[in-house]
Amino acid sequence: MPEFNIREYKREDIPALSRLWEKTFGDSPELIAEFFRLLPGMGTGLTAVQNGKIVGAAYVIMGMELTGGELAPVPGAYIYAVAVEECCRGLGAGGALTRAARDAGLRRGAAFVCTLPASDSLYGWYRELLGVEPVLFRRTFRSDCAAREPVMPVSVTEYMRRREAVLRGQPHLRLSSPALEFQYRLCKAYGGGFFAVGSGICAAYLDGETALIRELLMDGENHYAAAASIGAAMGAKDFILYSPAPEGEPYIAALPGSVPAGCVWNLSFD
C-alpha cells in the first residue's frame, strides 16, 4: 500500500489543487479561483502528497452553524470536494483525506461533522469511514416553467437578511458571509443566482435546460408557481424543486442525533 503524506494546504499548492478540481469536477477556472479566494474565510483544505506531488485533496467548510428556535448556535464542519488523481484511487488516499478533514473540523471547534455524498453509493462508504448516517431527507417535484410571478435578483447580503427573517424560530443551517458568497458564486457560474419571488427567496442554477431550485423559502404562497417563474426567468424549460421531507431521498449525512429532525438546510454546495 503506497504511503501518502496528508497535510494542510499551502498557498503555493493552489495551482495544482485547481487543476485537480477542474479535472475531477469540471467546474470553470473562474469558479475554482473564487473558491480559493474565499477558502481562508470558510475553512481549510487538506492535501495528499506522494513523492512530492499533490495527488488528492479535501476541504472542510467551517462557515456554518445550526441555529433557530430553542437551539443555541452549534458550529459545524462540512466535508467538501474530496478528489484523488485517477492513478491513486482505491489506495486509501480518499479515506485518509476525509478523516483528516473531519479531524481538522473538530480541531477548529466544530460540534458536528457532516457531508453530502456525491452519489447514493457513497453513503455506505462515509458510514464505514466516519460513522455518519443520513439525518436529513428531501423530495423532488418536477414541472414545466412558466412566468407567473415577478422574479428579481438579490445580493448575498440581502439574501442572508431575508433568509434569517423567514427562518426565525425554526432550526436551520446558517452560513457565514464567505460560505454564502461561494454558494452564490456557484449558482451564478451555472446560470442561476439568488432571487426574490413574491415574499420569498430562492437559490437556483441550471443543469442543461432544467432549473434546479436548491432552496425556495416563502410564507403561505404557491411554491410551484414561484419555482416555475424562477425557472422561466433563467430560460429553463422545466424545473426541479427540492424541499425538506421527513423521509425520501437521503440528503445530509452526519452522526445520528447531531442535526435536529426538520432542520432547514438546503444550501449544500452540491
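The values are calculated or read from the model by the stated rules, or taken from the named source; none is laboratory data. Treat the numbers as computed from the prediction; the structure is a model and nothing was measured. Here the Cβ is made from the backbone with ideal geometry for all residues, glycine too, and neighbour counts use every protein chain on show. When the accessible area is computed, the model is the full protein with side chains, heavy atoms only, and any ligands, DNA or RNA have been set aside. Shrake-Rupley method; radii C 1.70, N 1.55, O 1.52, S 1.80 Å.
Being in a strand (DSSP E or B) and open to solvent by 10 Å² or more (accessible area, probe 1.4 Å) is the filter here, so list the residues in segment 192-221 that pass it.
Phe195, Tyr205, Leu206, Asp207, Thr210, Leu212, Arg214, Leu216, Leu217
A quick yes/no check of all residues on (1) assigned to a loop (DSSP other than H, G, I, E, B); (2) over 25 Å from Gly191 (Cβ atoms); (3) open to solvent by 50 Å² or more (accessible area, probe 1.4 Å); (4) not hydroxyl-bearing (Ser, Thr, Tyr):
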residue	(1), (2), (3), (4)
Ile6	no, yes, yes, yes
Ile14	no, yes, no, yes
Ile32	no, no, no, yes
Phe35	no, no, no, yes
Leu39	no, no, no, yes
Thr44	no, yes, no, no
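Mind telling me which of the residues Ala147, Ala104 ends up being modelled with pLDDT of 95 or more and of a type in the set (Gly, Ala, Ser)?
Every option except Ala104 fails the conditions.
Within segment 169-191, count every residue that is without any contact (Cβ under 8 Å) to a residue 60 or more places away in the chain, open to solvent by 10 Å² or more (accessible area, probe 1.4 Å) and of a type outside the set (Lys, Arg). Show your work before the answer.
Just the residues of segment 169-191 that are without any contact (Cβ under 8 Å) to a residue 60 or more places away in the chain, to begin with: 184, 187-188, 190-191.
Checking which are open to solvent by 10 Å² or more (accessible area, probe 1.4 Å) leaves us with 184, 188, 190-191.
Checking which are of a type outside the set (Lys, Arg) leaves us with 184, 190-191.
Number satisfying all stated conditions: 3.
Quick grid of which residues meet (1) closer than 16 Å to Val264 by Cα; (2) surrounded by fewer than 17 Cβ atoms within 10 Å (Cβ to Cβ):
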| site | (1), (2) |
| --- | --- |
| Ile61 | no, no |
| Glu65 | yes, no |
| Leu71 | yes, yes |
| Gly76 | yes, no |
| Leu91 | no, no |
| Gly94 | no, no |
| Ala104 | no, no |
| Arg108 | no, yes |
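For the structure I just gave you, tell me whether Ala118 is assigned to a loop (DSSP other than H, G, I, E, B), small (Gly, Ala, Ser) and at pLDDT below 95.
Answer is yes for this residue.
Would you say Phe195 is over 17 Å from Asp270 (Cα atoms) and among the aromatic types (Phe, Trp, Tyr)?
Criteria met by Phe195.
Under 8 Å between Cβ atoms, which residue pairs at least 6 apart in sequence (or on different chains) link something in segment 1-28 that is free of Cβ contacts under 8 Å to residues at least 40 places away in the same chain with a partner that is open to solvent by 40 Å² or more (accessible area, probe 1.4 Å) and among the small types (Gly, Ala, Ser)?
Sorted first by the residue in segment 1-28, then by its partner, the pairs are Ser18/Ala33; Glu22/Ser28.
Can you confirm whether segment 223-230 contains a residue that is among the β-branched types (Val, Ile, Thr) and either farther than 16 Å from Cys145 by Cα or in a loop (DSSP other than H, G, I, E, B) (or both)? Spell out how you get there, then give the answer.
Taking segment 223-230 first, the residues among the β-branched types (Val, Ile, Thr) are 230.
Next cut, either farther than 16 Å from Cys145 by Cα or in a loop (DSSP other than H, G, I, E, B) (or both) only: none.
Within segment 223-230, none of the residues are among the β-branched types (Val, Ile, Thr) and either farther than 16 Å from Cys145 by Cα or in a loop (DSSP other than H, G, I, E, B) (or both).
Can you tell me how many residues in segment 257-270 are more than 18 Å from Asp120 (Cα to Cα) and either in contact with a His (Cβ under 6 Å, 6 or more places away or on another chain) or of a type outside the set (A, V, I, L, M) (or both)? Even if it seems obvious, please write down each step before you answer.
The initial filter retains those residues of segment 257-270 that are more than 18 Å from Asp120 (Cα to Cα), namely 257-265, 267.
Those left that are additionally either in contact with a His (Cβ under 6 Å, 6 or more places away or on another chain) or of a type outside the set (A, V, I, L, M) (or both): 257-258, 260, 262-265.
Residues meeting the conditions: 7.
Scan segment 158-168 residue by residue and report those that are touching a residue at least 60 places away in the same chain (Cβ under 8 Å) and under 11 Å from Val264 (Cβ atoms).
Matches in segment 158-168: Leu167 only.
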